[in-house]
1. Leaving out same-chain residues fewer than 8 places away, which lysines sit with a Cα under 19 Å from that of LYS158?
2. With unit charges on the beta carbons (Lys and Arg positive, Asp and Glu negative) and the dipole taken about the Cα centre of segment 217-368, which residue among ILE365, ALA267, THR315 sits farthest to the positive side?
3. As a quick test, which of the pairs LYS400/LYS467; LYS248/LYS439; LYS335/LYS467; LYS242/LYS462; LYS319/LYS345; LYS345/LYS374 have an alpha carbon distance above 23 angstrom in this structure?
4. Pairing the Cα long axis of helix 323-338 with the longest principal axis of the chain, what angle in degrees results, from 0 to 90 and rounded to the nearest 10?
5. In degrees, nearest 10, range 0 to 90: what is the angle between the Cα axis of helix 279-312 and the longest Cα principal axis of the chain?
6. Where does each of GLU407, GLU157 land when they are ranked from fewest to most other beta-carbon atoms within 10 angstrom?
7. Rounded to the nearest 5, what is the percent of antiparallel bridges among the DSSP beta bridges in segment 322-463?
8. With runs of 4+ DSSP H residues as the only contributors, calculate the mean residue ellipticity of the chain at 222 nm using -39,500 (n - 2.57) per run, divided by the residue total and rounded to the nearest 500.
Amino acid sequence: MRKLSIKFKIMLWFSVALLILVVAESAINLLVSRHVLDQSLMERLVTIVNTNCDDIEYFNSDLYAGSSNPLTIKYGEAELKIDDDFCQYYEGVCTALVDSNNNLLYGESPIAIEDSSQFTFTSVGPVKYHGETYFVYERPLSGDMLDGLWIRGVIPEKETTYLLDDIVSLEVWLIPFFAILVLVGGYLITLRSFSPIKAISDAADQIASGKDLTKRIDIGDGKDELHKLAATFNGMFDRLEKSFNMQKQFVSDASHELRTPIAVIKAHSEYALEFASTEEEYKDALNVINRQSNSMSSLLSQLLFFATLEQTASTVELKHGDLSDFVQSLCYDRKLLLDGSRNLKTTIEKGIDALYDESLMSRLIGNLIDNAVKYSSHGSDIEVSLTQTAETIILSVTDKGIGISPENIEKIWQRFYQEDPSRNDSESGSFGLGLSMVKEITLIHNGNLEVESSLGEGSCFKVILPK
Ligand code: ADP
């Protein structure tokens, strides 16, 4: 059952449900129809018998002597007058006049009731005769000299069956016809509704196998659930493609950055091995190799940081702490390192409690201060401030350095982006990764970043954290 397609399961379920419904409905229909028809048959029988009872009178034979009309029957000493309204056969009902010895005096009866003790059909009752069922109703005549006479009405049950046969034969044709119509309609709708799923799964297959990341699901316009699902998938594929391309770019940039120091190390070591003869020449080569390996080591540690950050981002445990004290002591240490080369000032509101990770926050502030130092001149001011509003905590690092051109300001957060690589030498550990690290760390802290900068005047980076 599990191997069956959803389409088939739906059709199977509908077919079985429809079949049960049709059979149950037909059975109920037949039962109700039979009951209603039997009732109307019996009512007809009673009405005709009662009407015929009024058409028989007892009278003295002299009155109508020599006359053939009205119809008369000899009964005892006198005669019975039977009106010409008396119906012997009407609407399937046979009516007869019988005496108490069960003798048929007048009229018709399709059955012979042999046992006279059966004169009990004062309410309608069934009688079996030659394998067929008949409804019988008898009413005694009352009036002058009419005692011992009965009017008996008989109607075969098959009168109902004729009608039921018509209903059944109508049902036999109509119900399967409508059932087939419903099934075919259901099948077509299911087929049409499920066809986009194939398109979705084909596209997902191609993307999953990495054959074509640009592929999107195209199932036309529509607003049903499947179109919404396709739109959600397409959105997810967009993000996957973007993130895949970013990863690709990252790997290619990283290998590009590593290629230069490796080439330099290779060239200098080969040169030293082949041509260096004095201690001086060996020292020169080793110095170059040392600088390049430092640069590589710095790049590798930054790449490692990114890799670790990506893996642990969702599990980083942010803890409450006094951010004011933390930023203050961090700036104090930095000031010592700067050794008067820049004028690092702090404006820190006391007692700001925040949810943060110490090591990530230290990396974030460190990167912003490093940049402020890197892109400003000797002796200029750098200001670190920490303030809070009712809902946010704002950490800002402002410098009076070279600033960023407005057309590039959006790009500074991209990995390996450097506005002007010639301004940095890779030996200083600048690879265009500092701000993208700041961005990742801010996201982990559920914060936002803002930057204001003007060329030649300086920049202000703001990290806005929720309280
Ligand atoms: P890196 O500083 O290693 O080049 P970053 O990711 O830290 O990489 O910065 C990306 C780019 O943004 C830098 O190359 C620089 O052009 C610009 N930038 C960052 N901070 C500043 C700043 N304080 N002043 C001017 N430009 C800056």
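1. Excluding near neighbours in sequence, the set is LYS128.
2. Sorting the options by dipole projection puts first ILE365.
3. LYS400/LYS467; LYS335/LYS467; LYS242/LYS462; LYS319/LYS345
4. Between the helix axis and the principal axis of the chain, the angle is about 30 degrees.
5. Approximately 20 degrees, to the nearest 10.
6. Sorted ascending by nearby Cβ count, the order is GLU407, GLU157.
7. Antiparallel bridges: around 75 percent, rounded to the nearest 5.
8. -18000 deg cm²/dmol
Just so you know, all these numbers are worked out from the coordinates, no wet-lab data involved. Owing to the predicted nature of the structure, the values given are computational and were not obtained by experimental measurement. Reconstructed Cβ throughout: ideal geometry from the backbone, glycine too, with neighbour counts over all protein chains shown.
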